[in-house]
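Readers should treat all values here as calculations from the given coordinates under stated rules, not as data from a laboratory. The structure presented is a predicted model; accordingly, all values stated were derived computationally and were not measured. Every residue, glycine as well, gets a Cβ built from its backbone with ideal geometry; the counts of neighbours run over all protein chains shown.
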Amino acid sequence: MIARKTWRLVLAAGLAAAWTQAGAAPAIKLGAHAPETGSLAKHGQEQVKGIRVAAEEFSKRTGIAVDLKVYDDESQPQKAVAAVEKLAGIEKVAGIVGGYGSNLVGPASEAAERYDTPYMTTGAVDTKLSARHFKNFFRLNYMPGYAAAQANTIRELFQAKKVAILFNSQSATTEIAEAVKGQLAAGGVQVPVFEKFEKGTTNYKPLLLKARDAGCEVLLVEGYFPDYVGTIKDAKILALPVKAYVGAWGIGTPEFIRELGPMSEFVYGTSIWEMGTAPKAARAEEARFVEAYRARFKEDPSYIAMLGYLSAEYMLDAIAKGGGAAARTRDLLRAMDAVTPIGRVAFDEKGDPRHFTAVLFQTRAGKQVVVYPRDRAGGEAKYPAVPWSTR
Amino acid sequence: MRWPGSGLRVTEGTAAALFFGALALLPLALSFNPYYLSILVAALVLGSVAVSWNVLAGLCGQVSFGHAGFFGLGAYASAILAMRAGWSPWLAMAGAGVAGVAVSLLIGLPSFKLRGPYFALAILGFAEVLKLLALNLDSLTGGSQGIFGVPPPTALRLGGLTADFEASRTANYYLAGLLLLLVWGAAVLLRRSRAGVAMATVHADEEAAAGIGVPVLRTKATALAVSAFFTALLGAFYAHYVHYLDPDSAFDGAWSIMPIVAALFGGMSTLVGPAVGALVITGLDEFLFKRLFESGHQLFFGLLLAAVIVWAPSGLLGGRVRRPTT
């Protein structure tokens, strides 16, 4: 009697389990690789945080479990290839997101193409990456979009005639400098000073004097944090008579404002996203992400985390809708057209974002006020800025 | 501390035969899985550079902190010869090795005339100079943007077998293994030669060596040239394997530091030790530590290295392999 009862219980439990299994959608296997260690670790870790939030939010929203496989590529090209070999070859993921730096994304996306696995990156802006016409390659941001924010602001808002461009010899800064120069020249703006400097430069005065002597109205510095600190301090010493100082990445951060104090005021910088800069149609999504991120990591998200989040969200949506087949995922990604926290997202036939534009902001009273593009602007640009002697 | 079984001692030849035999069979054991093979390729490249570095440091006693310079030089030289001059990648790789020798003599001959740590400092600076050249010779090197699409070595056909280096990890694995065998074989031949005896003498006591008529400068230059040739050759292989080059990855300081770590780990007193060290540290990091800690795995690796230095200062193989008498 007892044995029969036990058998019935086991059978009932088995049937219940089978029913549950049949009713639940299978988990989606998503791969992610990022430099969580090595020289690019800071960026890679932020990217992965955003991806994790996307996987959790997707599961909550759809009820579909996400089996997220994360691989640290150690900021090494060889390991980036190994990452894809593992994720696509062993884990059999339905799509891969992540990758930071063109030197890692280049070889990794080549491996993803070999495995016919959709690959979406948010950290590689080199135009040559998409020139390979890989069918599985997608990215949310690329260089012309950064350059456009600077060049369009200079042309449309500032209406400047002469611009000086100083740029760090690193890959991304060289490329944005060349792209902006080209866009300015196409718009009839002269660039009489176009000077490269090496990482670690401490004396920028000779370059700044060239800008002064050429009568440049705008100084564009395509560099990194130490370059901004050096050029701004030297510009103040020389009382450089430019009407605007525009930088690339890392302007307006708390560290930047702390280091430069009043000198950080009225400086312009570019970003893909900062809190509160989403277009109206995407404000709700922005708020959801920020809330989930804060709850998970007890800190505010960076734009790198936002990009990681969005890339994973789009990849998961496409995999879920398409059933996981690579061709279907690719088609769905190529067909998407949405207004997102970083603006309108749609991909062209090479996988580049059709409408990507960074935002240009000005630091005012320690806050970042977006001044371009107009549909994401939070205020008017203060142009010309006040002289260096008063800040 | 005595390592378990530390009483067991084998000759260097036996250790090398076991090591290379295991390397030959490893892909079979791993079912030719591309992921495992790609990790092993990375380990073999590191191992070959470590053995090359040890030709200079282990045989001749000259420590270099700038082998990234030769590695990056070889990578760029081969990529440029193949893509701009139209050379076959195989010929370009050999040409890269020759470029390594030429540049090593340029830097070695003046700096070896100095005593003390000047060579180590000079070669460190030299690596940085080469990186800056790669960054600034835009028309030749692509500058900071790097070079995309470096071609793989052309496929080899042996009977009915084709080694396709573009897509096959197995082909690349065996090529990397052969390069390691070549580097190790050259190091063995060098050690047995008159030049090798001179190197051992210089290593033991430079002044005494000069006193008994050993041409110290020529001996050091020979060790550096051999070391540079193979490091540049491996840099060339790397470029044709990854298909992409930029100054940051080609001249990455890791190519100077990690070969030293591998050599210390495996045992600098042997020629095969650095290669074993490279495989062990790469394997442990990838297959054990990384699984335990996704982003903190290199901490274990550092602890392990510290443990080896403290408790087994002659490295994993140092106390187990009998060195041949010279």
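Note on residue B:290: aspartates and glutamates with a C-alpha under 17 Å away, same-chain residues under 8 apart excluded, are A:36, A:72, A:73, A:74, A:85, A:91. Farthest toward the positive end of the dipole of segment A:171-304, out of A:215, A:197, A:262, is the Cα of A:262, where the dipole comes from beta carbon charges about the Cα centre. In this calculation the C-beta distance from residue A:91 to residue A:128 is compared with R0 = 35 Å, giving a FRET efficiency of 0.75. Taking the Cα centre of segment A:149-235 as origin and assigning +1 to Lys and Arg Cβ atoms and -1 to Asp and Glu Cβ atoms, the resulting dipole is close to 200 debye. Dipole of chain B (Lys/Arg Cβ +1, Asp/Glu Cβ -1, origin at the Cα centre): which of B:99, B:75, B:54 lies farthest to the positive side? Farthest towards the positive pole: B:54. Sequentially through segment A:272-278, phi angles give Karplus couplings (6.51, -1.76, 1.60; θ = phi - 60°) of 8, 7, 9, 4, x, 9, 5 Hz, Gly and Pro residues having no value and appearing as x. The alpha carbon centroids of segment B:45-110 and segment B:240-279 are separated by 13 Å. Computed 3J(HN,Hα) for segment A:282-299, one whole-Hz value per residue from the Karplus formula 6.51 cos²θ - 1.76 cosθ + 1.60 where θ = phi - 60°, is 10, 5, 5, 5, 4, 5, 4, 5, 4, 5, 5, 5, 4, 5, 7, 10, 6, 7, glycine and proline marked x. Distances between placed amide hydrogens fall under 5 Å for residue A:371 paired with A:360, A:361, A:362, A:378, all partners being 5 or more residues away or on another chain. Charged side chains reduced to their Cβ positions (Lys and Arg at +1, Asp and Glu at -1) give segment B:10-167 a dipole of some 300 debye around its Cα centre. Mean partner shielding of peptide B:281-288, defined as the number of other chain Cβ atoms within 10 Å of each residue Cβ, is 1. Across segment B:211-220, coupling constants 3J(HN,Hα) worked out from phi with the 6.51/-1.76/1.60 Karplus curve, θ = phi - 60°, read x, 9, x, 6, x, 4, 4, 5, 5, 5 Hz, and Gly and Pro carry x. Per-residue shielding of A:247-260, expressed as the average number of other chain Cβ atoms within 10 Å of the residue Cβ, stands at 0. Computed from point charges on the beta carbon alone (+1 for Lys and Arg, -1 for Asp and Glu), the dipole magnitude for the protein assembly as shown about its Cα centre is near 800 Debye. Simple rule: put +1 on each Lys or Arg Cβ and -1 on each Asp or Glu Cβ in segment B:221-320, find the dipole, and look at B:313, B:228, B:260; the Cα lying farthest toward the positive end is B:313. For the peptides B:163-171, A:252-260, B:51-59, B:32-40, residues were scored by their other Cβ atoms within 10 Å and the scores averaged per peptide; the highest-first order is B:51-59, B:32-40, B:163-171, A:252-260.
Annotation: amide H of residue A:347 within the under-5 Å range of A:336, A:354, sequence separation 5 or more or interchain, hydrogens built in the peptide plane. The alpha-carbon of residue A:233 sits under 19 angstrom from the alpha-carbons of these aspartates and glutamates, leaving out residues fewer than 8 places away in its chain: A:195, A:198, A:213, A:217, A:222, A:255, A:259, A:265. Based on Cα contacts under 8 Å between residues 6+ apart, segment B:25-143 shows a relative contact order of 25 percent.
Over chain B, DSSP H runs of length four or greater, each weighted -39,500 (n - 2.57), average out per residue to a 222 nm ellipticity of -21500 deg cm²/dmol. Quick one: which of A:49/A:69; A:49/A:298; A:60/A:135 span more than 22 angstrom between C-alpha atoms? From A:49/A:69; A:49/A:298; A:60/A:135, over 22 Å: A:60/A:135.
Extension gain for residue A:389-residue A:374 works out to 2.4 nm (0.36 nm per residue, less the C-alpha to C-alpha distance).
Cross-link check: pairs A:79/A:199; A:128/A:243; A:29/A:79 evaluated at a Cα-Cα cut-off of 30 Å; pairs beyond the cut-off: A:128/A:243. A Förster distance of 25 Å, applied to the separation of the beta-carbon atoms of residue A:64 and residue A:348, puts the FRET efficiency at 0.30. Reachable lysines from residue B:113, Cα under 21 Å, same-chain residues fewer than 8 places away excluded? Straight-line reach from residue B:113, under 21 Å: B:220. Once the other residues with Cβ under 13 Å from the Cβ of residue B:170 are scored (Lys, Arg +1; Asp, Glu -1), what is the net sum? Surrounding charge for residue B:170 is -2. Amide H contacts of residue A:123 (H built 1.01 Å from N, in plane; Pro and chain starts excluded): A:101 sit under 5 Å, all sequence-distant by 5 or more or on other chains. Sorted on the mean count of surrounding Cβ atoms within 10 Å across their residues, most packed first, peptides B:271-283, B:180-192 read B:271-283, B:180-192. Taking label points 7 Å from Cα along the Cα-to-Cβ direction, residue B:106 and residue B:161 give a separation of 4.0 nm.
Highest average first, the peptides B:263-269, B:216-222 ordered by how many other beta carbon atoms sit within 10 Å of their residues are B:263-269, B:216-222. All other residues whose Cβ lies under 11 angstrom from that of residue B:241 are scored, Lys and Arg at +1 and Asp and Glu at -1, for a net of 0.
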